[in-house]
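The values are calculated or read from the model by the stated rules, or taken from the named source; none is laboratory data. As the structure is a prediction and not an experimental result, all values here were calculated from the model. Note that we place each Cβ from the backbone using ideal geometry, even for glycine, and neighbour counts take in every protein chain shown.
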Amino acid sequence: MPLRARIIDGETPGTAGADADADAPHGMRQHKGERNVQVINPKFLEKLIRDHVLGKEQQFADPSMANLAIRISKTARITFLLRTQKPEKNSEGRSKGKNKQGSRVLGSWPTLTLEEARELAIAELQMTDIKRDTLAARERKRQKREDASMRTNPLTIGQFVDETYGPWLIANTKRGTERIQTLKGAFFHWLAMPLVAFRAKFAEEWKTQALTKGIELPERNDKKKRMPPKPVGPATVNRHLNILRGMFSRALEWGEIAVHPMTGVKNLGEPEGRERQLTPEEESALFQVLDKREEALRVKRDNGNRRRLAQCLPLYPDLRAVPFADYLKVLVILFLRAGLRRQEGVGLRWRDINFIREQIHVRKELSKTGKARYVPMSSEVVETLRLWHTQTGGSYVFPGRGGRDHLKDPKGAWKAVLKAACIEDFRLHDCRHDFASKLVSRGANLPAVGALLGHKSPSMTQRYAHLAPGYLKDVVSLLDQ
């Protein structure tokens, strides 16, 4: 589409006179009382350069699109301009009631064609609001207003967790309560800090302190003193950083902050997964200690009931009349022989145990992957749970105190048993590794073991591949055939 131009070099209509006619390119017509008009096309631009008087600068505008202009410089260079207007403001930032003229270069001819220049001008106008601000400028102004609002009434990290993020975690995630406890525990010294004031260096400093001195926690409400913190490993640091990072990601998504403060904070490299399993001697020592613990609990109950009898007080249940003195031996057998995760085991309900089919239903709300699975029970697990079922009431396999909820964390009792059995560096979760390692070393195929463990991908089970009989050796032996 051709453009028709008029001279906008500052002369007013009717006053250009002969000078305007002399300066105009050959073929341009001027009518009294109006500006010169000419069809703008490549031929016109070529004539404009050829007939241009060096040392003189002129501008031509498209009558049908006043915001687009063509400027020929003193050196005969042609550029396309987008003319702009913005409200002129006084020193107090208020509008003076008139507009301020401006322009922006779109490109030079012939690198940029006439049609391309017009398309660019139209695109720019479409991105400009009534105040002559582009979308980017409006976004900067919006952010500036938000930042000013945050500075006058800043939302603290603690308020964000209590009022918004915490309720969302509980409603939408399986471990929302645990994550809230981490935010209020490991990062308690930041709770009074405004969200917008957090910086990446704070996370880096916390990372260094956790690795070298440990994770500092707030004082307990029950006035009991906490043990001095100990240095933690990279995996623990990464888990905490991921929880903190997730909080800021939601704050960014919900418009509480403009920039993610932990974008440059990297997780630490972690060592390869543990493969700790019990030796036959350790396993034997473990069950000997568990049996001694059972007897010690029964003796303690016997002595207590004798005292109560002498005082004419009601007696506690006789532990010699039931198969187990408490839950711990049952829990250890379940973990070592079924390979359940801690949360999966302690959260089991009796309706999840099918004694007829001899399998355990791991519900999706207990599973780490969010997918339900069925785990067959060995004869030892079946017999143990049958006996345990005869002495426990309620819906949970491992009821907590009062029976309203399930057992939370048997860490204290577990550590005491390990210490008595002289077993080092064996966590309760390592019972799961022991289960998988024994199966693979006795010939079980990896996909089956992965299904029992509830692994999300085969690569997670591959860590046990080297334990399989003849692993890789059978493949190499094919060359001998």
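Points worth noting:
- None of 275, 295, 270 is among the acidic types (Asp, Glu), surrounded by fewer than 17 Cβ atoms within 10 Å (Cβ to Cβ) and in the same structural domain as residue 415 (by TED's automatic domain parsing) except 295.
- Pairs are defined by a Cβ separation below 8 Å, a sequence spacing of at least 6 or placement on different chains, a first member in the range 209-220 that is farther than 11 Å from residue 187 by Cα and surrounded by 12 or more Cβ atoms within 10 Å (Cβ to Cβ), and a second member that is at pLDDT below 90 and of a type in the set (Lys, Arg); the pairs so defined are 214/230.
- In summary, helices (runs of 4 or more DSSP H) completely within the range 410-481 and bearing 1 or more residues that are touching a helix residue (DSSP H, G or I) at 6+ places or on another chain (Cβ under 9 Å) and closer than 20 Å to residue 372 by Cα occur at 430-441, 446-453, 458-461.
- Neighbours by Cβ (under 7 Å, 6+ apart or cross-chain): first from the range 410-435, of a type in the set (Asp, Glu); second surrounded by 12 or more Cβ atoms within 10 Å (Cβ to Cβ) and in a loop (DSSP other than H, G, I, E, B): 425/276; 430/274; 430/276; 434/277; 434/278
- Check on residue 336, in contact with a Cys (Cβ under 9 Å, 6 or more places away or on another chain), buried (at least 18 other Cβ atoms within 10 Å of the Cβ) and assigned to a helix (DSSP H, G or I): yes
- Hey, residue 236 within 30 Å of residue 436 (Cβ to Cβ), touching a residue at least 12 places away in the same chain (Cβ under 8 Å), touching a helix residue (DSSP H, G or I) at 6+ places or on another chain (Cβ under 9 Å) and polar (S, T, N, Q) or not: yes
- Matching residues, the range 269-316, being in a loop (DSSP other than H, G, I, E, B) and β-branched (Val, Ile, Thr): 279
- Residue match in the range 351-362 (condition: out of contact with any His (no Cβ under 9 Å at 6 or more places or on another chain) and among the acidic types (Asp, Glu)): yes
- Residue within the range 460-476 that is surrounded by 12 or more Cβ atoms within 10 Å (Cβ to Cβ) and of a type in the set (Val, Ile, Thr) present: yes
- Residues of the range 377-405 that turn out to be under 35 Å from the mean Cα position of the chain (by Cα) and surrounded by 12 or more Cβ atoms within 10 Å (Cβ to Cβ), as a count: 6
- Single match in 191, 195 (criterion: in contact with an Asp or Glu (Cβ under 7 Å, 6 or more places away or on another chain) and more than 30 Å from residue 369 (Cα to Cα)): 195
- So residue 240, is it outside any loop (DSSP other than H, G, I, E, B), outside the structural domain of residue 330 (by TED's automatic domain parsing), in contact with a Ser or Thr (Cβ under 8 Å, 6 or more places away or on another chain) and not β-branched (Val, Ile, Thr): yes
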